[in-house]
Each structure stands twice: as structure tokens, then as C-alpha cells.
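Chemist: What follows is a structure written as C-alpha cells; I'll ask about it next.
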Amino acid sequence: MPLYIMYFNLQNGVSEEEFIKKTSEWVYSLKDRIEGLGSMKLFRHYNFGANCRTYQMVMEFKDFSTWDKFLAFEKNNVKATKLRYEWENLVDMNTHFDEFVHELLLQVKQ
């Protein structure tokens, strides 16, 4: 199952409470609306590396085609798009970074 991971800090002056409220609204707008979209989790990091990114958002996808479904849904759903833009305005997008990862299964000999 591929994961989309975003590491970021909040914009100056944005409270964590405001951020969590807006994140909850956005995530709820997606719940059960996109086939193949799994859980979305938010993590807060403490002292995470030389270039700290305080937050991490992880989204699970059934497969990579789910990303296309996610983008199509947002393109056609004004409310979801508005909520995502409001959410992004709370995040320091100039210093964030994103990645897709896919777990590789190891074969362990007994």
C-alpha cells in the first residue's frame, strides 16, 4: 500500500488548535468519498533532524491510481478543494516536502 507523506511546519502565528480543527474538517470531507483512500494520520515531531519539520501527514492509498482519484475528486468537489486550500494556508508551503513511499517486503530465510 503506497503512502503519501508530507513533512511541514505551520505558518507563523497559526495555533496548533486552529490547525487541528481545520485538518479535521478537511479529512472529514474526504471520508468514504474516494475509493482506495485509506487512513490519514497526523503526527507531531519533537527535535526532528537538522531541518526540523514539526508535523507529518500520512495518507494511505490502495494503489497509485488512488492518487488520480483523489485529484479528480478535489477537482470536482468545490467544498473539499476549499477546505484543502484553507488547510494549506496554515502550512509553511515554502519549507515543506512531500514523498510517496511503498513498502518492500523482505524475504527472511528460516
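The values are calculated or read from the model by the stated rules, or taken from the named source; none is laboratory data. All figures in this text were calculated on a predicted structure; none of them were measured in a lab. Backbone-built Cβ (ideal geometry, glycine too); neighbour counts: all protein chains shown.
Chemist: Is there a residue in segment 78-85 that is under 18 Å from Pro2 (Cα atoms) and touching a residue at least 24 places away in the same chain (Cβ under 8 Å)?
Modeler: So far as segment 78-85 goes, no, none of its residues is under 18 Å from Pro2 (Cα atoms) and touching a residue at least 24 places away in the same chain (Cβ under 8 Å).
Chemist: Which numbered condition trips up Gly13, out of (1) out of contact with any Phe, Trp or Tyr (no Cβ under 6 Å at 6 or more places or on another chain); (2) at pLDDT 90 or above; (3) surrounded by 12 or more Cβ atoms within 10 Å (Cβ to Cβ); (4) farther than 30 Å from Leu105 by Cβ?
Modeler: For Gly13, the exception is condition (3).
Chemist: Considering only segment 30-37, I want to know if a residue exists there that is within 18 Å of Trp87 (Cβ to Cβ) and surrounded by fewer than 17 Cβ atoms within 10 Å (Cβ to Cβ).
Modeler: yes
Chemist: I'm trying to understand the selection: among the residues of segment 52-71, which are without any contact (Cβ under 8 Å) to a residue 24 or more places away in the chain and more than 17 Å from His102 (Cα to Cα)? Let's see the steps before the verdict.
Modeler: Going residue by residue through segment 52-71, those that are without any contact (Cβ under 8 Å) to a residue 24 or more places away in the chain are 68, 71.
The answer is Leu71, and nothing else.
Chemist: Among the residues in segment 50-59, are any at pLDDT below 90, more than 17 Å from the chain's Cα centre (by Cα) and surrounded by fewer than 10 Cβ atoms within 10 Å (Cβ to Cβ)?
Modeler: The answer is yes; a qualifying residue exists.
Chemist: Hey, among Glu17, Glu25, Glu74, which residue is among the acidic types (Asp, Glu) and in contact (Cβ under 8 Å) with a residue 12 or more places away in the chain?
Modeler: When all the criteria are applied, what remains is Glu25.
Chemist: Return only the number of the condition from (1) assigned to a loop (DSSP other than H, G, I, E, B); (2) among the charged types (D, E, K, R); (3) in contact (Cβ under 8 Å) with a residue 12 or more places away in the chain that Asp32 does not satisfy.
Modeler: Only one criterion is unmet by Asp32, namely (3).
Chemist: Going by the structure shown, is Arg44 at negative phi and modelled with pLDDT under 90? Give the derivation first.
Modeler: Numbers: at negative phi: yes; modelled with pLDDT under 90: no.
Here the answer is no, as Arg44 does not meet what is asked.
Chemist: Name the single residue, out of those in segment 1-43 being among the small types (Gly, Ala, Ser) and over 12 Å from the mean Cα position of the chain (by Cα), that is farthest from Phe100 (Cα to Cα).
Modeler: Gly13
Chemist: While we're on this one: Can you name the residue in segment 42-87 that is touching a helix residue (DSSP H, G or I) at 6+ places or on another chain (Cβ under 7 Å) and in a strand (DSSP E or B) and, of all such residues, is farthest from Phe8 (Cα to Cα)?
Modeler: Going through the qualifying residues, I end up with Phe61.
Chemist: From the residues in segment 16-29 that are crowded, with 17+ Cβ neighbours inside 10 Å and hydroxyl-bearing (Ser, Thr, Tyr), which one is modelled with the highest pLDDT?
Modeler: Of everything passing the filter in segment 16-29, Thr23 is modelled with the highest pLDDT.
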